[in-house]
Amino acid sequence: MAQALADSTVTSVELTQLHLDRIAAVDGAVHAFLHVDCEGALAQAAASDARRAAGQPLSALDGVPIAVKDVLATEGLPTTCGSKILEGWIPPYDATVVVRLKAAGLPILGKTNMDEFAMGSSTEHSAYGPTHNPWDLDRIPGGSGGGSAAAVAAFEAPLAIGTDTGGSIRQPGAVTGTVGVKPTYGGVSRYGLVALANSLDQAGPVTRTVLDSALLHDVIGGHDPRDSTSIDQPWPSFTDAARAGASGDMTGLKIGVITELAGDGWQDGVMARFQESVDLLVKAGAEVVEVSCPSFVHALAAYYLILPAEASSNLAKFDAMRYGLRVVPEGDPSAEDVMRASRDAGFGDEVKRRIILGTYALSSGYYDAYYGQAQKVRTLISRDFAAAFEQVDVLVSPTAPTTAFKLGEKLDDPIAMYLNDLATIPANLAGVPGISVPSGLADEDGLPAGFQILAPALEDERLYRVGAALEALLAQEWGAPLLDKAPALEETR
């Protein structure tokens, strides 16, 4: 699309309108978007066309439209975080990621659906209804960023922004056949990202190809003085890394297969596609080593103590006193009564569950037994990564244990739902970058599986080099991109 714009075979207004038409045609079935900004997107597209006509394009992606997860603040456009407690809230400022998208000339189509405050693995916990997987509308698109992944998979948007707290970019990417990247923690600004868990959250690209992710990462990445966790150092061109990797030559690369991320509970078809991808990388010159990361087996338990603890603290600000939903009980209610009624009405079950768990874990007498112990496990996981990366250049695993499950299948079993993040959570606990690349369709159900690549902190370019190589090798095997195999969506209005 960027090349077509550069060649003047299409205008940004035309391209943006085509995507708005696609959203109107199919999003009634997919429900990837919570808010669509037709007027704003077309105005931004017209401005891009004017710049191009004047010989002043701002970036390689100037004029290519994009969708943004509804957890990032957007000036003049609602930001609800998928929650009733923020219904109708319009921020007075843009998140840094959004500022950079606008500065690079990408028209913003709208805001994508998500699990409430990014708490979930299926996008079924949105207060505005679930998103559906374009491969099978009866199945989940992953979570919490299922809206962004579904929008890209359904061709409603060529690019999207997601956020990844425990896998919410990579896991939706795996189950929708898209590419999802979680950058190094601090590599992309969190300013204006409504926090779930400050030490875990990271925004990143959701796209259809590895090169697309690299192009987008180059736009949104880099130091931001408004974010105290932002890394102040120059970053290489991820686009150059992806283009170099697309040659498919993996000579000299050492790949570590994580032994703990396999075995019982992992779907056979997912494991088969994973092994085929490893074999292709070996044929391309890579050396494979089995690597044990023994603390990974405790990652899920540690994560579901650390995340709720940080979430319960972050969500305390939604108190009906300053902004957001306010419910006033009858009679002469106190401020506490208003807070209680507003939070009860505004938060969904999953959010309440995690607030209760987090508050308990931080309470007097339990802090050391639960939260303190979880942080110690986090340190052990970081040490496992450090030891592993002394042996290999990248680590690999399936992105998720299974393909997309059916809507409603795990809603009554939170623990089963949490297990979907088994392979992705360690990267967030340690702050290392990861990417999910489509690895093929599982034999059991014909649904997409994902191949996860993890690199040391600050070495995001390795993700793009290896991811682009695998993508090129698989495309040769398939004869076409995986999304070409997706069923056509029935157009609905």
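The values are calculated or read from the model by the stated rules, or taken from the named source; none is laboratory data. Predicted model, so just to flag it, every value in this text is computed and none were measured. Quick reminder, even Gly has a Cβ in these numbers, built from the backbone with ideal geometry, and neighbours come from all protein chains shown. Surface accessibility is based on the protein's heavy atoms, side chains included, excluding ligands, DNA and RNA. Shrake-Rupley method; radii C 1.70, N 1.55, O 1.52, S 1.80 Å.
Remarks
- Residue, farthest from L196 (Cα to Cα), within segment 408-430, restricted to residues that are outside any helix (DSSP H, G or I) and open to solvent by less than 10 Å² (accessible area, probe 1.4 Å): A423
Table: residues versus (1) under 22 Å from the mean Cα position of the chain (by Cα); (2) loosely packed, with under 14 Cβ neighbours inside 10 Å.
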residue: D344; (1), (2): no, yes
residue: V377; (1), (2): no, no
residue: S382; (1), (2): yes, no
residue: P398; (1), (2): yes, no
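- Flag for H35 being closer than 30 Å to D136 by Cβ, in a helix (DSSP H, G or I) and not aliphatic (A, V, I, L, M): no
- Tabulated pairs, segment 274-298, first within 21 Å of P438 (Cα to Cα), second of a type in the set (S, T, Y) and open to solvent by 20 Å² or more (accessible area, probe 1.4 Å), C-beta under 9 angstrom, 6+ apart or interchain: A284/T251; G285/T251; A286/T251
- Near pairs, Cβ below 6 angstrom, 6+ apart or cross-chain, from segment 22-51 (more than 22 Å from D62 (Cα to Cα) and touching a residue at least 24 places away in the same chain (Cβ under 8 Å)) to any residue that is of a type in the set (S, T, Y) and open to solvent by 40 Å² or more (accessible area, probe 1.4 Å): G28/T492; A29/T492; L34/Y128
- Selection within segment 244-290: residues that are basic (K, R) and over 24 Å from the mean Cα position of the chain (by Cα). The member of this set that is nearest to W478 (Cα to Cα) is K283.
- Residue within segment 327-338 that is under 27 Å from the mean Cα position of the chain (by Cα) and either surrounded by 13 or more Cβ atoms within 10 Å (Cβ to Cβ) or not charged (D, E, K, R) (or both) present: no
- On the stretch given as segment 296-326, residues that are open to solvent by 70 Å² or more (accessible area, probe 1.4 Å) and part of a loop (DSSP other than H, G, I, E, B) total 4.
- The listed residue being closer than 14 Å to E156 by Cβ and either not in a helix (DSSP H, G or I) or not charged (D, E, K, R) (or both), out of L42, L18, L58: L18
- Residues (open to solvent by less than 60 Å² (accessible area, probe 1.4 Å) and more than 19 Å from E310 (Cβ to Cβ)) located in segment 346-359: G346
- Residue among G222, G186, G192, G177 that is more than 28 Å from L300 (Cα to Cα) and either without any contact (Cβ under 8 Å) to a residue 24 or more places away in the chain or over 11 Å from the mean Cα position of the chain (by Cα) (or both): G222
- Selected residue [assigned to a loop (DSSP other than H, G, I, E, B) and of a type outside the set (D, E, K, R)] from G450, G440, G446, G467: G446
- One residue stands out in segment 66-82 among those that are outside any loop (DSSP other than H, G, I, E, B) and more than 15 Å from the chain's Cα centre (by Cα): the one that is surrounded by the most Cβ atoms within 10 Å (Cβ to Cβ), namely T74.
- Summed over segment 39-86, residues that are polar (S, T, N, Q) and out of contact with any Leu (no Cβ under 9 Å at 6 or more places or on another chain) total 2.
- Selected residue (only one of V194, V210 is of a type in the set (V, I, T), more than 26 Å from Q391 (Cβ to Cβ), surrounded by 20 or more Cβ atoms within 10 Å (Cβ to Cβ) and at pLDDT 95 or above): V194
- Segment 470-490 - residue that is in a loop (DSSP other than H, G, I, E, B), touching a residue at least 24 places away in the same chain (Cβ under 8 Å) and out of contact with any Lys or Arg (no Cβ under 9 Å at 6 or more places or on another chain) and, of those, farthest from T402 (Cα to Cα): E490
- Residue in segment 369-389 that is assigned to a loop (DSSP other than H, G, I, E, B), within 25 Å of G434 (Cα to Cα) and of a type in the set (V, I, T) present: no
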